[in-house]
Amino acid sequence: MNEPKQKQYLFDNPRNVSIVLRSLYIICILLVLLDFILHRHVMHEWEQLAGFYAIFGFVACVMLVLGAKQLRNIVMRKEDYYDVDD
Amino acid sequence: MWMTELPPFIPFFIAAFLVILTRGWLRYLLILATPVLGGLHLWLDVDPGIVTSISILEYDLILMRTDRLSLLFGYLFHIAAFIGVLFALHVRDTTQTVSSLLYAGSAMGAVFAGDLITLFIFWELLAITSAPLIWARKTETAMRSGIRYLIIQVSSGMLLLAGALVQYYQSGTLEFNYIGLDSISGWLIFIAFGIKCAFPLLHNWLTDAYPEATPTGTVFLSALTTKVAIYTLARGFPGTELLVYIGAVMTVFPIFYAVIENDLRRVLAYSLINQLGFMVCGIGIGTALSLNGTVAHAFSHVIYKALLFMSMGAVLYRAGNVYASDLGGLYKSMPKTTLLCIIGAASISAFPLFSGFVSKSMVLAAMIEEGYDIIWLMLLFASAGVFHHAGIKVPYYAFFAKDHGIRTQEAPLNMILAMSIAAFICIFVGTQPSYLYALLPWEVEFQPYDITHVLSQLQLLMFSALAFVWLTKTGLYPDEIHSVNIDIEWLYRKFLPKVVRSIYGYTQKACNRIINICEASFNVAHQALHDTRIARLHIASNWPTGSMVLWLAIILGFFLLADAID
């Protein structure tokens, strides 16, 4: 109890982190709902699909990260790889 | 008036020389005033249509040729140079100050060059004057990396010169206008530009050298060299369809590397190639809208990329490293840098109201208009990916994430000021795009802010963020690890040296074997000779060396005697 009180920063409090995350979830839901409400001028037929950009963004990033993990199996070497002769 | 015809590189070269002679406040004033006055002069006094040339050995070097395209790049480089020198104002290293001014001047020289020989001169000067910004880091790695950088950049210049000479031989002209890929000279010049523009497989010098340069040097590097290449491609090869495919590959492959890279400045270097990809695509499409998109994106990009490199430079300066695995929690000690970095991240991710949004959308719109469906999807994928690695990863791992206990100070005032100016431009261009659009070379009506556009972009970005949260929470997101990810540079940093070493080894072995064989045959011959009758005559056999010395002494003694008698 007598420990010196350390300064609490914004994200030291888990509550603030969850506020940020919840806001993100709510924004995402709202953005998809807006798709049904607003009239969009689409230039491409794929864009007509409701939530096309939402789905695409999510899937693209998951594919990107999973692809990059696979890439790591091929290209990753130790930090001194170029400094040592084998 | 003669002043309007003064090529813009000259004030920078003069300032670079004067820097050597000045110290203290005078030097500060000099290096800050040069880009400001030069930029204002260009903005207020210089109109399109000026041609300035000088004659050397009966050849006319066109040092300055202004049109809306070259002028816009001129303004841009002056702004970038000002931000760069302000960010580096605290640096007490004359070499860096001089070379950054010379480097900025060379970039001006290249964009205003009206013929290929002038372009070649500044092309090589760009390489030579920028290498010291890498070497000034003074580490073994930076030294080697800078040498590789210089070799590759200078070779690009050699190709340009070769292309220029072939063109002169074929067509008798060296003017730098549309070039195209119809001739061998066109291809040579195309590859020369491609090296500087970091085309796939020719890109590795960038991700090798930029992260090794000094915290302030990288800001200049990121702004100038590659954008000169974008300018030259836009002038020499607009509408070359091959560029659409090259650009598309450039947008996609680096983002995979960016996700697994630990050095955050290297992450930014990979994302630089990705951003160049959008511009290269715009040049390849070749419509007025797409070319305007390329130029506008180059403008936004130079500023937000500089902002991102500055924020990571500030982190490197204060925290001593920029490894995602070692940083974290820096928002506690560097809150201003954090905010400014986030503005840069929002701009590169093309958030509405930030600069990337109003420029990148032009290229994407032009792409749909011209019916490149698959390529458009690739660019959309890359757009989501940019947000993922440059927009989220860089600020998140540097300033938030797991706190590794680094407590430091906020960046110095000059750094904060430079970043603030860049951040202001990002937001200004994003909210008031008409000012930038009015400067674009071609007349096009484009409206970035409509509901469809804003909504779809927000969906794309927010769901990318959602994917990041989900991947991090489920532990699917790859850990940040100290490592090297091999790229095409493996060929010249590992494979070629290995081949050369083994060729050397084999040659040495072969030589040894030949020597052994020679020795053996000599021994055999010697033995054979020894067994013959001649050997019994004792020619030169078995005489001790002592007897030779004795005979020598006798002969010398004889000469001495003869000399004395004389």
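The values are calculated or read from the model by the stated rules, or taken from the named source; none is laboratory data. All of these numbers come straight from a predicted model, not from anything done at the bench. Positions of Cβ are generated from backbone atoms using ideal geometry, with glycine treated the same way; all protein chains shown enter the neighbour counts.
Condition check ((1) within 29 Å of the chain's Cα centre (by Cα); (2) surrounded by 14 or more Cβ atoms within 10 Å (Cβ to Cβ); (3) farther than 22 Å from B:ASN292 by Cα) across all residues:
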{"position": "B:GLU5", "(1), (2), (3)": "no, yes, yes"}
{"position": "B:VAL19", "(1), (2), (3)": "yes, yes, yes"}
{"position": "B:THR22", "(1), (2), (3)": "no, yes, yes"}
{"position": "B:LEU26", "(1), (2), (3)": "no, no, yes"}
{"position": "B:LEU30", "(1), (2), (3)": "yes, yes, yes"}
{"position": "B:LEU42", "(1), (2), (3)": "yes, yes, no"}
{"position": "B:ILE79", "(1), (2), (3)": "yes, yes, no"}
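Looking only at region B:354-385, count how many residues are of a type in the set (Phe, Trp, Tyr), more than 13 Å from chain A (Cβ to nearest Cβ), over 20 Å from A:HIS41 (Cα atoms) and in a helix (DSSP H, G or I).
Going through region B:354-385, the residues of a type in the set (Phe, Trp, Tyr) turn out to be B:354, B:357, B:372, B:376, B:381.
Those left that are additionally more than 13 Å from chain A (Cβ to nearest Cβ): B:354, B:357.
Checking which are over 20 Å from A:HIS41 (Cα atoms) leaves us with B:354.
Filter once more, so that each one left must be in a helix (DSSP H, G or I): none.
The number of residues fulfilling the criteria is 0.
Return yes when B:PHE463 is within 32 Å of the chain's Cα centre (by Cα), modelled with pLDDT of 90 or more and among the aromatic types (Phe, Trp, Tyr) and no when it is not. In short, no. Screening B:ILE342 with (1) within 25 Å of the chain's Cα centre (by Cα); (2) more than 10 Å from every other protein chain (Cβ to nearest Cβ); (3) in a helix (DSSP H, G or I); (4) crowded, with 24+ Cβ neighbours inside 10 Å gives one miss only, at (4). Within region B:464-487, residues that are farther than 18 Å from A:TYR81 by Cβ sit with their Cβ atoms under 6 Å from residues that are surrounded by 18 or more Cβ atoms within 10 Å (Cβ to Cβ) and among the small types (Gly, Ala, Ser), at 6+ positions apart or across chains, in these pairs: B:SER464/A:GLY57; B:SER464/B:ALA384. All conditions but one from (1) within 14 Å of chain A (Cβ to nearest Cβ); (2) not charged (D, E, K, R); (3) not in a loop (DSSP other than H, G, I, E, B) apply to B:ILE488; the one that does not is (3). Of all the residues in region B:201-235, those that are surrounded by fewer than 24 Cβ atoms within 10 Å (Cβ to Cβ) and touching a Pro at 6+ places or on another chain (Cβ under 9 Å) number 1.
Might you check whether a residue that is more than 8 Å from chain B (Cβ to nearest Cβ), within 21 Å of the chain's Cα centre (by Cα) and exposed (fewer than 10 other Cβ atoms within 10 Å of the Cβ) occurs anywhere in region A:17-25? Looking for residues that are more than 8 Å from chain B (Cβ to nearest Cβ), within 21 Å of the chain's Cα centre (by Cα) and exposed (fewer than 10 other Cβ atoms within 10 Å of the Cβ), one finds none in region A:17-25, hence no. Kindly indicate whether any position in region A:28-50 is among the basic types (Lys, Arg) and surrounded by fewer than 12 Cβ atoms within 10 Å (Cβ to Cβ). Taking every residue of region A:28-50 in turn, none turns out to be among the basic types (Lys, Arg) and surrounded by fewer than 12 Cβ atoms within 10 Å (Cβ to Cβ).
In region B:111-127, the count of residues that are touching a helix residue (DSSP H, G or I) at 6+ places or on another chain (Cβ under 7 Å), within 30 Å of B:PHE256 (Cβ to Cβ) and buried (at least 19 other Cβ atoms within 10 Å of the Cβ) is one or more.
Scanning region A:33-55 for residues that are among the hydrophobic types (A, V, I, L, M, F, W, C) and more than 7 Å from every other protein chain (Cβ to nearest Cβ) gives A:LEU33, A:PHE36, A:ILE37, A:TRP46, A:LEU49, A:ALA50, A:PHE52, A:ILE55.
Residue count for region B:316-348 satisfying the condition of being in contact with a Ser or Thr (Cβ under 6 Å, 6 or more places away or on another chain) and among the hydroxyl-bearing types (Ser, Thr, Tyr): 4.
Is it the case that region B:276-297 has a residue that's within 14 Å of another protein chain (Cβ to nearest Cβ) and part of a helix (DSSP H, G or I)? Quick ask: steps written out before the conclusion?
Residues of region B:276-297 within 14 Å of another protein chain (Cβ to nearest Cβ): B:289.
The next check asks that each one be part of a helix (DSSP H, G or I); those that pass are B:289.
Looking through region B:276-297, at least one residue is within 14 Å of another protein chain (Cβ to nearest Cβ) and part of a helix (DSSP H, G or I).
The test for being touching a residue at least 40 places away in the same chain (Cβ under 8 Å), in contact with a helix residue (DSSP H, G or I) (Cβ under 6 Å, 6 or more places away or on another chain) and in a helix (DSSP H, G or I) holds for B:ILE230.
Counting only residues that are buried (at least 24 other Cβ atoms within 10 Å of the Cβ) and either within 19 Å of the chain's Cα centre (by Cα) or not in a helix (DSSP H, G or I) (or both), how many does region B:302-321 have? Number of matching residues: 12. The residues in region B:421-451 that are within 14 Å of another protein chain (Cβ to nearest Cβ) and surrounded by 16 or more Cβ atoms within 10 Å (Cβ to Cβ) can be counted, and the count is 2.
Can you name the number of the only condition in (1) under 30 Å from B:SER70 (Cα atoms); (2) surrounded by 14 or more Cβ atoms within 10 Å (Cβ to Cβ) that B:SER464 fails? Among (1) under 30 Å from B:SER70 (Cα atoms); (2) surrounded by 14 or more Cβ atoms within 10 Å (Cβ to Cβ), B:SER464 violates only (1).
So, in region B:462-485, of the ones that are part of a helix (DSSP H, G or I), of a type outside the set (Ser, Thr, Tyr) and more than 7 Å from chain A (Cβ to nearest Cβ), which residue ends up farthest from A:ILE26 (Cα to Cα)? Give the steps one after another, and end with the answer.
Of the residues in region B:462-485, the ones part of a helix (DSSP H, G or I) are B:462-473.
Those still in the list that are of a type outside the set (Ser, Thr, Tyr) too: B:462-463, B:465-471, B:473.
If we keep only those that are more than 7 Å from chain A (Cβ to nearest Cβ) as well, we get B:470, B:473.
Working: B:TRP470: 15, B:LYS473: 18 Å.
Looking at the filtered set, the residue picked out is B:LYS473.
Please indicate, with yes or no, whether at least one residue in region B:393-407 is on the phi < 0 side of the Ramachandran plot, of a type in the set (Val, Ile, Thr), within 14 Å of another protein chain (Cβ to nearest Cβ) and surrounded by fewer than 23 Cβ atoms within 10 Å (Cβ to Cβ). Reasoning before the result, please.
In the first step, residues of region B:393-407 are kept if they are on the phi < 0 side of the Ramachandran plot; the result is B:393-400, B:402-404, B:406-407.
Among the residues that remain, those that are also of a type in the set (Val, Ile, Thr) are: B:394, B:406.
Restricting the remaining residues to those that are within 14 Å of another protein chain (Cβ to nearest Cβ) gives B:406.
Restricting the remaining residues to those that are surrounded by fewer than 23 Cβ atoms within 10 Å (Cβ to Cβ) gives B:406.
Yes: one or more hits.
Could you say whether any residue in region B:449-469 is within 30 Å of B:THR216 (Cα to Cα), in contact with a Ser or Thr (Cβ under 7 Å, 6 or more places away or on another chain) and not assigned by TED's automatic domain parsing to the domain that holds B:ALA81? Looking through region B:449-469, none of the residues is within 30 Å of B:THR216 (Cα to Cα), in contact with a Ser or Thr (Cβ under 7 Å, 6 or more places away or on another chain) and not assigned by TED's automatic domain parsing to the domain that holds B:ALA81. In region A:62-86, the residues that are at the interface with chain B (Cβ under 7 Å from one of its Cβ atoms) reach residues that are of a type in the set (Lys, Arg) with C-beta atoms within less than 8 angstrom, at least six apart or across chains, in these pairs: A:TYR81/B:LYS494; A:TYR82/B:ARG493; A:TYR82/B:LYS494.
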